[in-house]
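First comes the structure, then the notes that go with it.
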Protein chains: 2
Amino acid sequence: MRLDVWFSPMGIGPADVQGRTIFVIDVLRATTTMCAALHHGARAVIPVASTEEALRLAQTIGSADVLLAGEKNCVRIPGFALGNSPLEMTEQAVKGKTIVVTTTNGTKALLAAQGATIVYIAAAANLTAAGERAREALAQRRDVVILCAGRETAFGLDDAYCAGRLAAAALGGAKPRKGLNDAALASLDLVRRYRDNWERPLSYSRAGRELTRLGFGGDVRDAARLDAYPVLPHFHERRVTVAPQSQVHPAPPQPQPQPS
Amino acid sequence: MRLDVWFSPMGIGPADVQGRTIFVIDVLRATTTMCAALHHGARAVIPVASTEEALRLAQTIGSADVLLAGEKNCVRIPGFALGNSPLEMTEQAVKGKTIVVTTTNGTKALLAAQGATIVYIAAAANLTAAGERAREALAQRRDVVILCAGRETAFGLDDAYCAGRLAAAALGGAKPRKGLNDAALASLDLVRRYRDNWERPLSYSRAGRELTRLGFGGDVRDAARLDAYPVLPHFHERRVTVAPQSQVHPAPPQPQPQPS
């Protein structure tokens, strides 16, 4: 069993992710927003790194069912239908739509994870679903990585605490054990420190303080709601969609012998 | 006041360090070893990244007073006089000598810090001296960075705990406050978790476990001894030497007005 936490996608290459099951976390706000959108009936979320790429991609898809969403410095991009707030992803707004969303840190983390066996999306909003899947992956002796988007490639307290919660759910408790890297140990220490109080680490984090200062305190509180959007998205062919049920509760048809 | 902790030197550019007072930590074992060597009378320690560079530099200096020290995968390099163990840096071995030491992570961190106003070396071995200097720097309204060497550019529990201890010493307590980045908050959380028990985070860390497995458990215990080598080294012109006394207890001759 091996469970690693990475506090940022910086320096990660294809060899690092190959063969692994990866859970990407950008709790404030990209992965929370993705869970909200898919839970409320969006068909897919396509994360891109820039406004220009979003506009180009929307033109290429060319459908009336495409919505542009995103922020620059936390504020909605002019002309876009939606910002990057989970509270905007109502059923009325997103049902049946494909959402092209700009998110700098979230997109970097997702692209860094490409090449993994499978890439899931995690946040407080879907922690139980993600935790179950991570626990199953460990039970199947898969290498699991929890990848934090971080903050401009640096450590983010919000994501690190969420990583610790996911690790604890995967392990069935916050007690450290063998097979964890140092970042996993430290993220479990954060769980011991903040216990089940999501709002504290999220509002203490620089991302949380900045959002609150800009009037998005509601988003921080929403992102702290455990299992608010209980869906398990995966990232496949550059799209985030609801993972097939067979992945959520897999009973592998042909259990593979494990290398000793 | 601004106090940042960086968990690895990855992605740090000259603009990030300019104008800052930086404390570099590689507690297992590079910065501990540097403190031991200078405390026991070495004239200077010159950190380099490779065996080849060490040999070339020793030839260039060409003095009988040069010692080669270093490890590859924790083990002494064949033909070198010393390994990378603080326990080897006895007065008998190092007094009056210039030591060229290979250390992968420690060197990367020191080179990343080049261009800062001043770069100090910190470890458990000199925590009180480093903490006093950091506190003075904050009192003078300087921006302080605690830079962890980390582990192959990733998070290391040993360095992160040491960073928390240094931050707590600089701030006069582990209570978080404004002006700290998320990594500083998390490192203070580690101090609350492990309190003053240096041996636990050091022996839990991957670096500590690996050293113990290879028979260097004595080094891990030595690196955990608070103020074992109470000297304050700085890194200047590619050499680590004892910082001038006036820096250790500075009374700035011309206090500069701070930009508002």
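Read-outs: derived from the displayed coordinates by stated rules, not from any lab. In this text, all values refer to a predicted model and were calculated from it rather than measured experimentally. Glycine also receives a Cβ, built like all others from the backbone with ideal geometry; neighbour counts cover every protein chain displayed.
Chain A: percent of C-alpha pairs farther apart than 36 Å?
In whole percent, the long-distance tail amounts to 8.
Which shape class, rounded, prolate or oblate, goes with the range A:93-229 when its Cα gyration tensor gives a ≥ b ≥ c as root eigenvalues, a/c under 1.5 marks rounded, and past that a/b bigger than b/c marks prolate?
Oblate is the answer for the range A:93-229, as a/c is 1.5 or above yet b/c matches or exceeds a/b.
Please compute the average number of Cβ atoms from other chains found within 10 Å of each residue's Cβ in peptide B:201-212.
What the average comes to for B:201-212 is 2.
Mind listing the long-range amide H neighbours of B:R239? Cut-off is under 5 Å, sequence gap 5 or more, other chains count too, H placed in the peptide plane at 1.01 Å from N.
Amide H neighbours of B:R239: none.
Nm distances between the label at B:T117 and the same-position labels in the remaining copies, 7 Å along Cα→Cβ, shortest first?
5.1
Shielding by partners for B:189-197, please: the mean number of other protein chain Cβ atoms within 10 Å of each residue's Cβ.
What the average comes to for B:189-197 is 3.
Decide, for the range A:161-239, between rounded, prolate and oblate: order the square roots of the alpha carbon gyration tensor eigenvalues as a ≥ b ≥ c, take rounded if a/c falls under 1.5, and otherwise choose prolate if a/b is larger than b/c, else oblate.
Because a/c hits 1.5 or more and a/b fails to exceed b/c, the range A:161-239 counts as oblate.
How would you rank B:K178, A:K95, going from fewest to most other Cβ atoms within 10 Å of each one's own Cβ?
Ordered by Cβ neighbours within 10 Å, fewest first: B:K178, A:K95.
In Å, the Kirkwood hydrodynamic radius of the range A:1-45 over pairs of distinct alpha carbons? Intermediate values should be presented prior to the final figure.
Values: mean 1/r = 0.0787 Å⁻¹.
When all Cα pairs of the range A:1-45 are included, the Kirkwood radius is 12.7 Å.
In degrees, nearest 10, range 0 to 90: what is the angle between the Cα axis of helix B:104-113 and the longest Cα principal axis of chain B?
With both axes taken from Cα atoms, the answer is about 40 degrees.
Using the count of nearby Cβ atoms within 10 Å as a rough guide to exposure, how do A:T51, A:T107, A:T33, A:T90 rank from fewest to most?
So the ranking, lowest neighbour count to highest, is A:T90, A:T51, A:T107, A:T33.
Can you give the local net charge around A:A123? Use residues other than it whose beta-carbon is closer than 11 angstrom to its beta-carbon, Lys and Arg +1, Asp and Glu -1.
On the way: positive: A:R29, A:R165, A:R225; negative: A:D26, A:D158, A:D159, A:D222, A:D227.
Charge balance near A:A123 sits at -2.
Neighbour counts of other C-beta atoms within 10 Å: give me A:T212, A:T21 arranged from fewest to most.
Going from least to most buried by this count: A:T212, A:T21.
Taking a label point 7 Å from Cα toward Cβ, how far is A:Q92 from its twins in the other copies, in nm, shortest first?
Distances between equivalent label points, in nm: 8.4.
Against the longest principal axis of chain A, how steep is helix A:182-194, in degrees 0 to 90 to the nearest 10, with axes from Cα atoms?
The helix A:182-194 is inclined about 70 degrees to chain A.
So what's the angle, to the nearest 10 degrees on a 0 to 90 scale, between helix A:30-39 and the longest Cα principal axis of chain A?
Helix A:30-39 sits roughly 80 degrees off the main axis of chain A.
Find how many whole Å separate the alpha carbon centroid of the range A:137-166 from the alpha carbon centroid of the range B:153-212.
19
Taking the label point as lying 7 angstrom from Cα along the Cα-to-Cβ axis, what are the distances from A:K175 to the corresponding position in the remaining copies, in ascending order and in nanometres?
Label-point distances to the other copies, shortest first: 3.5 nm.
Let me have the relative contact order for the range A:143-237, percent, based on Cα pairs under 8 Å that are six or more residues apart. It would help to have the intermediate numbers written out before the result.
Details: 79 pairs, mean separation 22.7, N = 95.
About 24 percent, as a whole number.
Using the charge dipole of the range A:57-196 (Lys, Arg: +1 at Cβ; Asp, Glu: -1 at Cβ; taken about the Cα centre), state which of A:G96, A:A137, A:L57 has its Cα farthest towards the positive end.
A:A137
Based on Cβ point charges of +1 for Lys and Arg and -1 for Asp and Glu, what charge dipole magnitude is obtained for chain B about its Cα centre, in debye rounded to the nearest 20?
Computed about the Cα centre, the dipole is about 440 debye.
In the range B:113-144, which residues have a backbone nitrogen under 17 Å from the label point lying 7 Å from B:E53's Cα in the Cα-to-Cβ direction?
Of the residues in the range B:113-144, B:113-116 have backbone N under 17 Å from the label point off B:E53.
Please get the size of the charge dipole for the range B:1-137, origin at its Cα centre, with Cβ charges of +1 on Lys and Arg and -1 on Asp and Glu, quoted in debye to the nearest 20. Walk me through the intermediate numbers first.
Details: 12 positive and 11 negative charges, 9 e Å.
Using Cβ point charges on Lys, Arg, Asp and Glu, the range B:1-137 gives about 40 debye.
Count charges around B:L110 for me, please; just the other residues with Cβ under 11 Å from its Cβ, Lys/Arg as +1, Asp/Glu as -1.
+2
Step through the table entries B:K72/B:K108; A:K175/B:K72; A:K72/A:K95; A:K72/A:K108, compare each Cα-Cα distance with 26 Å, and write down the pairs that go over it.
Flagged as over cut-off: A:K175/B:K72.
Would you mind working out the magnitude of the charge dipole of the range B:150-253 relative to its Cα centre, with +1 at each Lys and Arg C-beta and -1 at each Asp and Glu C-beta, to the nearest 20 Debye? Show your work: numbers first, answer last.
Numbers: 16 positive and 12 negative charges, 60 e Å.
It comes to approximately 280 debye.
Give me a single rounded figure for B:148-155: the average over its residues of other chain Cβ atoms within 10 Å of their Cβ. The partial results should precede the final answer.
Numbers: counts 0, 0, 2, 3, 1, 2, 11, 13.
Mean inter-chain Cβ contacts per residue within 10 Å come to 4.
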